[in-house]
Amino acid sequence: MSEIERRMVEIDDYYDHLLNHTDNASKVKPRVKLQGWGINAYDGWAQPIEWLIEPIIPRYTSGILAASGGLGKSYLCLDACVRIAAGPGMVHQRAMGGRVARQGKTVMITAEDSRAAIHRRINQIINPDEHRKLEGQFFMVPLPDAGGTQAYLECVGGQYRMTAAWEDMCSEIIKIEPEFVCIDPLQAVMQADANDPAAGQAWWSNMSQLSAEAKTASLTTHHMRKDGNIDGIASARAAIRGSSSLTDGARLAMALWPASTDDRLAAEAALKEPLGALGLIQGGVVKSNEYSMGEVATYLRDPASGLLLDATELLK
């Protein structure tokens, strides 16, 4: 067979593949028909928000949780995953300053903590004898022990794109359709400049797609700037590190910050015990596309485990 004949066979095989490959066919999106999107598509009253954690995280929503290093955001996400997966009757049904409204499968992917460290943290939340109750419900992936941390977003030729590692993880998540997914932290899986608005836009575009395809809510953890004092929701939002697109592109943004000295001293007086500089943490929703911001939650740090315990009602 000549070189020209061999090349012609390769071309024929290529076009046969395109015609018969269902994955490529499924990526062709239908045209939008404006006639189908008139006011009749919005008759009656809209459905109320379906909450995963009420009134903090709606279902099918992608968001960001920001805090300075060492404040406890990773542990708080792990705690929420366990509580959502566990359902009523196993653990107290509050997480992240709200009420756990649904039970379902949860997935947490951590790029920094080891399996051993995660194991110790889980044992601080639930007794080992109760682990069996989470079988098939809770999935915890410590990337350092699962083949190593790989980038999910990369920049190639000035263009941001998701990697094969991300596509592979998405396919695994879609298979189980979890209620909640947490990725911790953003900078470990994003080979991009967080100050570039295009990077934030690319990340949230793909997180929204994952939420839609897997029917899941998600949080990605991120850092806040260390400079300046945070005295409420507005300053907390402004302190989220990187381009504003990291906040604006998310459907939901949450933040944690150390309570002011006055608030900490008042809490110490009420509890009649010292708390330490990071013993009292405040947090809340600093941006939402679905609802107005609620009250600021207050957390006490468990001195034994380091876990943040919701003490909003207690300290009122």
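The values are calculated or read from the model by the stated rules, or taken from the named source; none is laboratory data. The structure presented is a predicted model; accordingly, all values stated were derived computationally and were not measured. FYI the Cβ positions are ideal-geometry reconstructions off the backbone, even for glycines, and counts take in every protein chain you see.
Just for helices (runs of 4 or more DSSP H) wholly inside region 132-214: which have at least 1 residues that are without any contact (Cβ under 8 Å) to a residue 24 or more places away in the chain?
Values: elements: 164-176, 186-189, 197-214.
Result: 164-176, 197-214.
Can you tell me which residue in region 215-247 is nearest to ARG161 (Cα to Cα), limited to those that are among the small types (Gly, Ala, Ser), at pLDDT 90 or above and part of a helix (DSSP H, G or I)? Break it down into steps so the answer makes sense when it comes.
Of the residues in region 215-247, the ones among the small types (Gly, Ala, Ser) are 217-218, 228, 232, 234-236, 238-239, 242-245.
Checking the rest, the ones that are also at pLDDT 90 or above come to 217-218, 234-236, 238-239.
In the following step, the residues that additionally are part of a helix (DSSP H, G or I) were identified as 234-236, 238.
Details: ALA234: 32, SER235: 31, ALA236: 29, ALA238: 27 Å.
Within region 215-247, the match that is nearest to ARG161 (Cα to Cα) is ALA238.
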Candidates ALA250, ALA266, ALA270 - the one that is farther than 22 Å from ARG83 by Cα, touching a strand residue (DSSP E or B) at 6+ places or on another chain (Cβ under 8 Å) and not in a strand (DSSP E or B):
ALA250
Test for THR261: is it of a type in the set (Val, Ile, Thr), at pLDDT 90 or above and exposed (fewer than 15 other Cβ atoms within 10 Å of the Cβ):
yes
If a residue must be surrounded by fewer than 16 Cβ atoms within 10 Å (Cβ to Cβ) and either under 15 Å from ILE233 (Cβ atoms) or touching a Pro at 6+ places or on another chain (Cβ under 8 Å) (or both), how many such residues does region 294-311 contain?
2
Residue under question is GLY232, and the condition is that it be in contact (Cβ under 8 Å) with a residue 12 or more places away in the chain and more than 19 Å from GLY72 (Cα to Cα); does it hold?
no
If I ask for residues that are surrounded by 19 or more Cβ atoms within 10 Å (Cβ to Cβ), touching a Gly at 6+ places or on another chain (Cβ under 9 Å) and either within 17 Å of ILE173 (Cα to Cα) or polar (S, T, N, Q) (or both), which ones from region 205-239 would you list?
MET207, THR216, ALA217, SER218, LEU219, THR220
Out of everything in region 105-131 that is among the aliphatic types (A, V, I, L, M) and part of a loop (DSSP other than H, G, I, E, B), what residue ends up being surrounded by the most Cβ atoms within 10 Å (Cβ to Cβ)?
ALA111
Tally time: how many residues in region 146-177 are at positive phi and surrounded by 12 or more Cβ atoms within 10 Å (Cβ to Cβ)?
1
